[in-house]
Every structure is written in C-alpha cells, then in structure tokens.
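**Student:** After the structure tokens below, expect a handful of questions from me.
The values are calculated or read from the model by the stated rules, or taken from the named source; none is laboratory data. Source: prediction; values computed, not measured. A quick note on method: Cβ atoms are made from the backbone with ideal geometry, for glycine too, and the neighbour counts reach across all protein chains shown. The protein model used for the area step is the full one, side chains on, heavy atoms only, and it has no ligands, DNA or RNA in it. Shrake-Rupley method; radii C 1.70, N 1.55, O 1.52, S 1.80 Å.
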Amino acid sequence: MGREDPAQRVDHSTDQTSLVRLDFARVEGPTNLRLKSHSALCQGAKHFFYWTYGPTATSTENYWSDLRGAYDGVARVSQQLTSAEEVLFPARHRPTQVALLYSISSDLWQPYDYRHMLERRGTYLSLIHDQYQVDMLTEQDIEAGRLADYKVLYATDPNLTDHATQQIIDWVHGGGSLYAAGNAGTRNEFDEPVAGLAGALGVEPGARATLQPGNYRVRGRLNDIDHLDHIRLQAGADPLGPGFGVIGLRTDLRAADGKVVGKFTDGATAVVTHRLGKGQALCVASTPGISYIKDARFVPAALREKWPPAHRRFINAWARRAGAMPQVGLSHPVVEAGVLEGPQGIALVLANFTYQPIEQLTVRLPIRGQVTQVHAADAPQEAIPFQISPGSPRLRAAGFSGLVQFEIGLGLDQIVLVR
C-alpha cells in the first residue's frame, strides 16, 4: 500500500457517535470489560482474546489494548480464571428449556427495519435478567426438529420460512408454549404476507403493523421517543402484571378463537392468549422488548440504566407458565447467571447488571449429588457456608437431588465454585 494522502483523510473529530463511544469506553473501561467477560462466560465462552495489535486504523476504535483503564479489568478476569479454570474449562451448560427464534429471513428482509432485532435483544435481556439460560434457534434448527428439546419459544421476527412455521404450529399443538411479539411469523422467507402463526396464536391473519419513527440503533436514543401507547392487562391476566408503555410498532391485532387479556388505551386488542391442543400461545400487538430497553433509560456515555420490572414480569411470565426453570434461583433480578457443570464440579458465573453492590445475594442452586465445598474464585481459601435441601418434586423429576443454598456479597462479578 502507498502512503496515505493527507487530503484523503477523514476527520472524525466532530463525529458525535464516535466521541460517545470513545468516552464511554474510556470512562467505563474496567467495568464494561469485566461485565462483558463474565457475560460471555455465562454463555459458555472458553477463550478470550483482548488484544488488537498495530495501528488502530487497521481495525476499529476502542479495542481493549487502546485503553489503559481496561487493564485492571483484564487483570481481574485473569485472576478469577486462574482459580476457576480447573472447574470451568471442562464444564458445559446444563440444558435449558427456553429458546429464542433467530430468523435469518427477517434479518435479510428487515420489513420493520431494525425494530425486530432490537425486540429480539430486549426479550433476551429480560429473560437472562431472571436467570433463564436462552438458546438461539434459527429457522433451520426448527426445521431439523430441535424444538422438541424446549418448553417455550419466544418469537419476535416477522419473517419465517413456511417449513419452520408448520414445525412451530405442530410443536405448540403437542404441548409447547409460544410467545409472539412484533407481528412475528406474518411473512414468509420471500417476504410475502402469509397466515403464518395466526392459527396457533388464536388471532385473525393479516395483522398490519404501524411503525413509530425514531432512531432505534444508537445507545440512549430511545429516550427521545415518546410512548406510542400503553397496554393494560386484565386483572385475571395475572401474573402478566398490570401493563406498561410501548414503543416501536403497533399492530391491528384481532382475536379469532383466542382470549383477549390486554388492550391499548383506545380499547383495541393488545394481548391475546390461546390454547391449541396440549399447548398454549401468547400474542402481543407491539414490542415489549424495545420498551424494556427504553424504560431502562440508557445514558449514552455511562452504565446507569435501571431495568423496569413491569416489562420483565410480562415477558418472562410465559416461560414461568410453561414450567421452564431458571438455571439458578437468585434473590435479586438483573444479575446474569451461567451454570456450567463438569467432572470437577459446578461453576456459577455472575454478572451484576444493576451496577450496585449487593450486600447479601441468596443463591439456590440445583445439584445432582453431594457438595463438600463452596468458595469464590477470588477467595479459594475462604469456605462459604451452605445448606442442602431436598428441593421440589419438579426438581427431582428433572434429575436433581436437591438444592445447595448459600449467601454471598456481590460487586460487579464473581465465579462461585461448587465441588
């Protein structure tokens, strides 16, 4: 390559988005790195590569190697892994009962622009904030029959292959639980309007979406978007909760043989539940996941969002109703947890997205055998007192012998080893 022509350089000094990213990375470097690393561990990551060498121009800005503030975070994670690696590295996730649709067709067509992707993200965050492990399933996974391994499927993608659609309908009829938001499953892989999932959801086909303008791609810009409407849930719809404000889109949902359990402020149908064979379905005529992110009120250059409980209660209620179990029971929400089990014991990875220290976090972890020791990775010589209880019949039916219960203080992150 020849020398760069100064006349061809692009001046990014007035690029406010780049400045926000740079300031955010420098101010929150250690915190952000620690939380991202532990979140990756929660999802089963086993290898970390923090460094990009050479001039930043060869890749992009804000790699960890550019930020002195992130070095303390790298040191903290490395020290924990040194103590936990014997247990953590050979361990694997326990199977989860919760799946989230990841439709390649929707990502290709994007009939609602970025909204379905953000709704998918908000739904995922809601679930992990209550310690559910979530597996992503593509249309091809569903076509291959993998839904048989799960109790509940969350779908937020408008486009879905015809084959996958039929597989989902059959799965619900056989006992599965389906949650649909954002006009999910109303278009096929060719972006043609179809009846799709309407029959399984108990709604009339052909629902149309009205899109709310706004910048849905930049951190903190949802704060500038007013609520499009509010959903009020019927008293008998508990434990779905009282309701919440929504943004993103609204559909003209109409119930067929489903039951209306929530309405918009003008009385239009907002939430429908339905029984199909041995299974059940819920359809919401908006995007609660996007609203969950909005009402957390992200700050562009700081970690200060506060996740609202109403949206989380609504979204996660369908997993609870399906009988899906979280990986671990924690006394506090908005703490991501990963349970990895192997021949050397159990590694419980915690990432505290409340950003506030938790003086006493109560942990109730299902176990399959005897427990002789519990300790934190950063304090291997300090045993954590614990108790063993037999657990519920449902736990025993799932192959667990009981529960180990203990209490710890939690800052940003921790790895707890149960042997």
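**Student:** Enter the accessible area of residue 407 (Å², nearest 10), with the probe set to 1.4 Å and all protein chains included.
**Tutor:** Probe radius 1.4 Å; accessible area of residue 407 about 90 Å².
**Student:** Continuing with the same structure: Could you give the size of the charge dipole of the stretch 343-419 about its Cα centre, using +1 on the Cβ of each K and R and -1 on the Cβ of each D and E, expressed in debye and rounded to the nearest 20?
**Tutor:** 520 debye
**Student:** Would you mind calculating the relative contact order of the chain from Cα pairs under 8 angstrom and at least 6 residues apart, reporting the percent as a whole number?
**Tutor:** 18 percent
**Student:** Follow-up question, since we're still on this one. Using amide H atoms built 1.01 Å from N in the peptide plane, name the residues 5+ places from residue 378, or on other chains, whose amide H lies under 5 Å from its own.
**Tutor:** 415
**Student:** On to the next question. Please name which of 183, 198, 218 has its Cα lying farthest along the dipole of the stretch 181-224 towards the positive end, using unit charges on Cβ (Lys, Arg +1; Asp, Glu -1) and the Cα centre as origin.
**Tutor:** Among 183, 198, 218, the one farthest towards the positive end of the dipole of the stretch 181-224 is 218.
**Student:** Check which residues have an amide H placed less than 5 Å from residue 265's amide H, if you skip close sequence neighbours.
**Tutor:** Close amide H contacts, sequence-distant or interchain: 230.
**Student:** Could you give the dipole magnitude of the chain about its Cα centre, charging the beta-carbon of Lys and Arg +1 and that of Asp and Glu -1, in debye to the nearest 20?
**Tutor:** Charge dipole of the chain: 1060 debye, to the nearest 20.
**Student:** Explain nothing, just compute: Karplus ³J(HN,Hα) = 6.51 cos²θ - 1.76 cosθ + 1.60, θ = phi - 60°, for every residue of the stretch 187-196 in order, whole Hz, x for Gly and Pro.
**Tutor:** 9, 8, 5, 9, 6, 9, x, 9, 5, x
**Student:** May I ask which residue of 126, 159, 138 lies farthest towards the positive end of the charge dipole of the stretch 115-180, with charges of +1 (Lys, Arg) and -1 (Asp, Glu) on Cβ and the Cα centre as origin?
**Tutor:** So the residue we want is 126.
**Student:** From the backbone phi of the stretch 262-273, what are the Karplus-calculated ³J(HN,Hα) couplings (6.51 cos²θ - 1.76 cosθ + 1.60, θ = phi - 60°) in whole Hz, Gly and Pro given as x?
**Tutor:** x, 9, 6, 5, 8, x, 6, 5, 10, 9, 10, 10
**Student:** Counting only C-alpha contacts under 8 Å and six or more residues apart, can you give the relative contact order of the stretch 109-241 as a whole percent?
**Tutor:** 19 percent
**Student:** Less than 28 Å apart at the alpha-carbon level, and either on another chain or at least 8 residues along: which lysines does that give for residue 259?
**Tutor:** Leaving aside lysines fewer than 8 places away in the same chain, those within reach of residue 259 are 151, 278.
**Student:** So who's got an amide H within less than 5 Å of the one on residue 244, skipping anything under 5 residues away but keeping other chains? H placed 1.01 Å off N, in plane.
**Tutor:** Here the answer is 231, since their amide H atoms fall under 5 Å of that of residue 244.
**Student:** Using only protein heavy atoms and a 1.4 Å probe, report how much of residue 47 is accessible, in Å² to the nearest 10.
**Tutor:** It works out to around 150 Å².
**Student:** What are the ³J(HN,Hα) couplings of the stretch 241-258, residue after residue, when phi is run through the Karplus curve with 6.51, -1.76, 1.60 and θ = phi - 60°? Round to Hz, x for glycine and proline.
**Tutor:** Couplings: x, x, x, 5, x, 10, 9, x, 7, 9, 10, 8, 5, 10, 6, 9, 9, x Hz.
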